[in-house]
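First up is the structure itself, then whatever we jot down about it.
The values are calculated or read from the model by the stated rules, or taken from the named source; none is laboratory data. Since we're looking at a predicted model, the values are computed, not measured. Backbone-built Cβ (ideal geometry, glycine too); neighbour counts: all protein chains shown.
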Amino acid sequence: MRLLTRYILRQNLYLLLLICGIGLGVYVFIELFDRLDDFLEAGVGAGSIAAYFFYRVPFILAQIFPAVFLVALMVQLGLMLRNRELLALEACSVSPGNVARSVLWYALALCLAQFVFSEVLGVSGHKAAERIWSEEVRNRQVATRKLSDVWFREGSRIVHMGTLTPAARKGSDLTVYVLGENDSGRVAEVIKAKRFSVTAEGWVLSDSTIVVPDTFVTRAADSLKLDLATDVASFLVIDPKTKLESLPLWQLGREIRRLQDSGSNIERLQTAWHMKLAYAGSVLVMALIALAAISVFGSLYVIIPVGLVTTFCYYGLFVLCASAGEKGLVPPALAAWAANAVFAALAGARLALGRSFHLG
């Protein structure tokens, strides 16, 4: 590792830890006052409250890290600019490109670290915190959670469930539309049941009725068994109320592959999958933004406000594009990576001019 890279890394890590601690403290302070009334109303003990915020810390750190890194890098480069360190480097034949490469390699390493941290500690911590919030505060245990108006397709059957308790693998108001041969869109049979349960051997329907639309023949059956293989317990994963950030990347990928052939709407899951990668890549984009800002502005007191405004603009575009991707307005990959591409292109174009930092 070059001397310049070690110097940048050492100085930045100090500022990164300092600003990260400040940001984390502010975030926890705001959330504590936002949820304190709920904790007190539910009679939750101090130990559970402390455990909730302890588990939340990794997730919070993963969320604020790109913005924290941008501020830390801008402060560092701004101080180097004010102390004429960048000018001294150029006087010693160290070009702005060498400085930029050291920063970008460092940022790339942080991209990988942020991704691993968020997908391991961040996801597991978020799940534990949500469990405390749901079970001890909101009293919404997974074992009793119910979903309503659930649709899916398996083979030639389109299934609609009025209500479903995934953990118990039971539900009510089931309707199964059996399509005709060659998937022509013609409904050959309509099977209705007041209650149903899912077993390893198949689905067991109670108080069921079978209707043949072509002949208007209707027959009733007290008990009926269907050879459906879908495990409804996995529907907790795609519950619209489930926070997608609580699912690791590999679990999202597995659910997307499983649902791709069922006719389900997977744009939301695909967008979330790409967003996890794009958000980790935003650390590298923040490094480009900081380097571009240093090449334009020469005052530390201007660089930091510009960096904060740019961060808000980035997150605004990131959320806007993500919402469009979840609604199917744009392809999921484009929606997740659009903000990174726009800001990286603007910052990269500025850096390509090759202007000296000390002339900003």
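Assorted remarks:
- When Val309 is tested against (1) in contact with a helix residue (DSSP H, G or I) (Cβ under 7 Å, 6 or more places away or on another chain); (2) free of Cβ contacts under 8 Å to residues at least 24 places away in the same chain, just one condition goes unmet, and that condition is (1).
- Within the stretch 14-53, the set of residues being surrounded by fewer than 13 Cβ atoms within 10 Å (Cβ to Cβ) and either hydroxyl-bearing (Ser, Thr, Tyr) or within 30 Å of Leu73 (Cα to Cα) (or both) comprises Tyr14, Leu17, Gly21, Ile22, Gly25, Val26, Phe29, Ile30.
- Pair list, Cβ < 7 Å and 6+ apart or interchain, from the stretch 323-351 residues that are hydroxyl-bearing (Ser, Thr, Tyr) to residues that are in a helix (DSSP H, G or I): none
- The number of residues in the stretch 166-216 being part of a loop (DSSP other than H, G, I, E, B), closer than 13 Å to Leu226 by Cα and modelled with pLDDT of 85 or more comes to 2.
- In the stretch 231-244 there is at least one residue that is under 22 Å from Val178 (Cα atoms) and at pLDDT below 80.
- Single residue of Ile289, Ile303 found to be hydrophobic (A, V, I, L, M, F, W, C), surrounded by 15 or more Cβ atoms within 10 Å (Cβ to Cβ) and within 16 Å of Ala339 (Cβ to Cβ): Ile289
- Listed here are the helices (runs of 4 or more DSSP H) enclosed by the stretch 1-119 that have at least 3 residues being among the aromatic types (Phe, Trp, Tyr) and in contact with a helix residue (DSSP H, G or I) (Cβ under 7 Å, 6 or more places away or on another chain): 46-82, 96-117.
- Screening Ala345, Ala338 for residues that are modelled with pLDDT of 90 or more, hydrophobic (A, V, I, L, M, F, W, C) and in contact with a Phe, Trp or Tyr (Cβ under 9 Å, 6 or more places away or on another chain) leaves exactly one candidate, Ala338.
- Scan of the stretch 201-225 for residues that are under 13 Å from Lys170 (Cα atoms) and either in contact with a Gly (Cβ under 7 Å, 6 or more places away or on another chain) or surrounded by fewer than 15 Cβ atoms within 10 Å (Cβ to Cβ) (or both), ordered by number: Gly202
- Filtered residues of the stretch 61-78 (kept if buried (at least 20 other Cβ atoms within 10 Å of the Cβ) and of a type in the set (Val, Ile, Thr)): Val68, Val71, Val75
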